[in-house]
Structures are given as structure tokens and as C-alpha cells.
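The structure appears below as C-alpha cells.
Read the figures in this text as sums done on the coordinates, not as results from a lab. Only a predicted model underlies this, so the values are computations on that prediction, with no experimental measurement involved. A quick note on method: Cβ atoms are made from the backbone with ideal geometry, for glycine too, and the neighbour counts reach across all protein chains shown.
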Amino acid sequence: VNDQHTISRAALPTSATSYTYSVYMKAGTASWGRLTLDNGSAFAFAHFNLSAGTVGASSISGSTLTNLAVRMEAAGNGWYRCSITVTAGVGSLTAFICIQTANSQFGYLGTGSNTILIFGSQFEQMPWPTSYIQTTIAVASRSRDTASATFGTWFNPTEGTLYTEGVCRQSPSLSGWNCPWAS
């Protein structure tokens with residue numbers, strides 16, 4: 001059909017709260033994917049070029065969704081974790097994953113052969129995507145992500161500052177950690 005080609009999931013958000021919808025996506029025979037959050041009177045969307053690893057068009061429309069944030073992070077082997085965040089107003093909120101054949105497209109004549117690969121769809125009450133939480137059909141939660149370190153006697157906090165920065169992500173295939181420095 002000449003229409004949008006989507007899968008969706010609805011939720012009942014709390015008003016004036018930030019929600020993030022994220023999913024791992026990889027180009028198949030189609031190069032573009034789109035994430036949309038829609039509450040019936042407003043919607044927010046972002047297009048993702050899964051071949052180039054870039055964000056395409058994005059927008060927010062209506063007054064009951066605000067503060068759109070869009071993220072696209074490389075996860076290895078052609079996979080990207082794509083996410084959109086909004087502050088919800090009233091009503092339900094439906095999250096959509098859409099196959100696209102071009103940027104800024106909202107529908108096309110399907111051929112039965114346009115594909116993208118998806119994994120790890122996650123809808124959460126946070127202003128950013130957290131690490132992937134494996135679920136089945138039930139709602140899942142866990143403790144917040146934390147980092148800690150133990151220093152020897154060489155570090156004296158009254159004489160300076162220690163700063164470090166790093167990223168460690170679990171691969172979309174769940175086969176292991178993508179951290180060359182982790183043991």
C-alpha cells in the first residue's frame with residue numbers, strides 16, 4: 001500500500017514528564033528509519049540515515065508535546081541506537097518505528113522488500129536513553145546505572161582533581177561488551 005509502514009506500542013504517560021523512546025536499528029534493503037511519538041493531538045519525529053549514521057529531519061508539532069531531543073549513537077557492526085525524547089502533555093503516547101526509503105518521508109508504495117533491522121525497543125520515563133533493559137511482555141525496571149572506583153594511597157583529593165570519561169556499551173547481539181579496555 002502507499003502508506004506508512006510501522007510497528008507501534010502505546011503507553012499512558014504522566015503529564016509534564018520526560019519520556020524517551022529508543023531502538024537499535026540497522027539498514028537492510030532500506031536505508032532510513034523513523035521514530036515517532038504521538039499523543040493524538042501532537043507528535044514528534046526524527047528520521048535516521050542508517051547507512052550514513054546521520055540524523056535527518058526532525059520536528060515536533062502541537063502544544064501537548066515539548067522539548068524534543070534526538071540522539072543517534074553507533075553501536076558497532078552497522079547498528080545504531082536511535083532515540084527521541086519529549087516532555088509529554090495529556091493523553092496516551094504511542095511510539096512508532098517506521099521504515100523509510102528517504103529522508104522526510106511519511107509514506108511510500110510498499111514493495112514487500114523494504115527492510116530495516118530493529119532490536120531492543122525501549123520506552124522509558126527518563127530524559128535520555130538508559131542502557132538496554134532486556135524484557136519480554138512485562139514491564140521491567142532495575143537500579144540506576146552507577147560507576148565507582150577504588151583508589152590507592154597515591155590519590156589525595158585535597159591536592160587535585162581526577163577526571164575520566166568513557167563509554168561502554170553492550171552490543172545489540174548481546175554477545176559481549178564493546179570495550180577494548182574492559183576485562
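Taking amide H positions as modeled 1.01 Å from N, with prolines and chain starts lacking one, the residues under 5 Å from Thr17 and 5 or more places away or on another chain are Ala88. Descending by average beta-carbon neighbour count within 10 Å, the peptides 112-118, 32-38, 88-94, 132-138 line up as 32-38, 88-94, 112-118, 132-138, the highest first. In this calculation the C-beta distance from Ser51 to Thr14 is compared with R0 = 41 Å, giving a FRET efficiency of 0.65. Amide H contacts of Trp32 (H built 1.01 Å from N, in plane; Pro and chain starts excluded): Leu50, Gln100 sit under 5 Å, all sequence-distant by 5 or more or on other chains.
Given R0 = 22 Å, the distance between the Cβ atoms of Ala140 and Thr29 translates into a calculated FRET efficiency of 0.10. For Phe45, neighbours were defined as the other residues whose beta-carbon sits under 15 Å from its Cβ, and their charges (Lys and Arg +1, Asp and Glu -1) total +1. Working ranking of peptides 72-82, 21-31 by packing, defined as the average number of other Cβ atoms within 10 Å per residue, highest first, is 21-31, 72-82.
Between Asn156 and Met126, the C-beta separation translates, for a Förster distance of 35 Å, into a calculated FRET efficiency of about 0.45.
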